[in-house]
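Inspection log for the structure reproduced underneath, given as structure tokens.
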Amino acid sequence: MIQGSGAARPRLCSALAVIVAITTLSACGGPSYRGIEMRQAANDRFNRTNARVVYDQARQALATGQFESALAQIDRAIERYPKDGSFLVLRGRILIEQRRMHQAKQTLDRAIEVDPKNAEAYYFLGVLAQRCDDPEGALENYTKARELDPKNLQYIACCAELKLAAGRATEARELIEKSASSFQFNPVLQQIRAACLSMEGRREEAAHVMEQAFARDPDSPLLAEDLAHALFDAGEWAECLRTLDLAVLAPNRNRGDMIRMRARCLLMLSRAVEARDLLLLHAPPGQPPVEHLVTLGYAAWLAGDWGRVASCGEVLVASHPRLSEGYLFLGAVERERGNLQASERWLEQASLRGESREMIERMRRHVQARLATRGEFAEGG
């Protein structure tokens, strides 16, 4: 027993020596696999932190329009840490601003390869497609971005706006309504929803939606303008006038399109003289734009100011011979003067232009009936 125990001790000592030797070898001969991993992770964190600092500098340069500087900075960030898809997305954004569209697409495609779930990469591919007049490609990418980040308001709005622009108003509205739980009564989405309802012919509902949107952001001139348009389209002309008088619209009150909307409201409320005087007061210098002349011509017509109707008609025929209104105005003036043959000639020219055809044909029938009572016929008729 004693001899056996003595024999076992050398073997035990030998085994311990081997274990110690192996441990020592492991410690002295080089880093362990775990140690290598830890050092690589530490290096990654270091590189990513430094790259993020440079990335922030690139973002600032982009925000101030320093595109070359921004591109140089983001390239440095990508070189330090190429595994972050957001760096590539920023590079794509810079290239879009520089109008280097092919390179931008390549960069954004790389961003998706690095990070297939990067919603921003798809969003900016949508922006790129839209700038290249590819609405279908833009919608496809915006939709992918929305699927990846369904609570991003901008992605929903872009999808809805493109559907609306394509005449798919019902689809656009339904998309917004499905997102209502996350963005209930958001003014931006309600603005688009109102436009959808208007395109669908549901103008009173559109006006109601715009009233709700404006109530939540009453300091927004853009929402106030859209509310005025919605009220006009819904036939709420008195409410439209009240909206145009809001303080938030004061800086834009004398803008040409605002003046014309006010004048049209006055016309619809049988206040033609006020409408005419408003348009005369705010006539732009030089030759007024065609929209101003047309609105003024109708206002003068309803006010019985035939001299003004004639002058509008003459200017329109000379400057915009393809429009029907100039010929219509001159035909109305000659009819009022009792020059029925001249009236018929002008109205015939108006009917050839194809606009306001029902009104023009109704006037022609009236003129032809009056000619018949005189025992006359339209020249060439």
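Rule-based calculations on the coordinates, nothing more; no lab input. Everything quoted here is computed from the prediction, not taken from an experiment. Because the Cβ atoms are built from the backbone with ideal geometry, glycine has one as well, and the counts that use them run over all protein chains shown.
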| said: How would region 106-175 be classified by its alpha-carbon gyration tensor: rounded, prolate or oblate, with rounded meaning a/c under 1.5 and the a/b versus b/c comparison settling the rest? | reply: oblate
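Which order do peptides 230-237, 78-85 fall in by mean Cβ count within 10 Å, highest first? Working shown, then result.
Working: 230-237: 20.1, 78-85: 17.5.
Per-residue Cβ counts within 10 Å, averaged per peptide and sorted highest first, yield 230-237, 78-85.
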| field | Rule-of-thumb Rg ratio for region 259-381 [Cα; 2.2 N^0.38 Å; N residues] | value | 1.07
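Set the bar at 22 Å for Cα to Cα. Now go through LYS151/LYS178; LYS117/LYS163; LYS105/LYS151; LYS83/LYS117 and name every pair that lies beyond it. Kindly include the intermediate steps, with their values, before the conclusion.
On the way: LYS151/LYS178 11 Å; LYS117/LYS163 24 Å; LYS105/LYS151 25 Å; LYS83/LYS117 14 Å.
Checking Cα-Cα distances, LYS117/LYS163; LYS105/LYS151 exceed 22 Å.
What is the projected area of the convex hull of the Cα atoms of region 147-235, averaged over all directions, in nm²? Spell out each step's value before the answer.
On the way: hull surface 21.3 nm².
Over all viewing directions, region 147-235 projects a mean Cα-hull area of 5.3 nm².
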| task | Using only Cα atoms, locate the centre of region 75-107 and the centre of region 297-315, then give the distance between them in Å, rounded to an integer. | result | 59 Å
| query | Which three extents, in whole angstrom, do the alpha-carbon atoms of region 197-325 cover along their principal axes, largest first? | reply | 47, 31, 26
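According to the square roots a ≥ b ≥ c of the eigenvalues of the Cα gyration tensor, what is the shape class of region 179-224, taking rounded for a/c under 1.5, prolate for a/b larger than b/c otherwise, and oblate for the remainder? Don't skip to the end; give the middle numbers.
On the way: a/c = 2.09, a/b = 1.20, b/c = 1.75.
Oblate, because a/c is 1.5 or more while a/b does not exceed b/c.
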| query | Working out 0.36 nm times the residue gap between GLU68 and ARG100, then minus their Cα-Cα distance, what length gain in nm do you get to one decimal? | reply | 10.3 nm
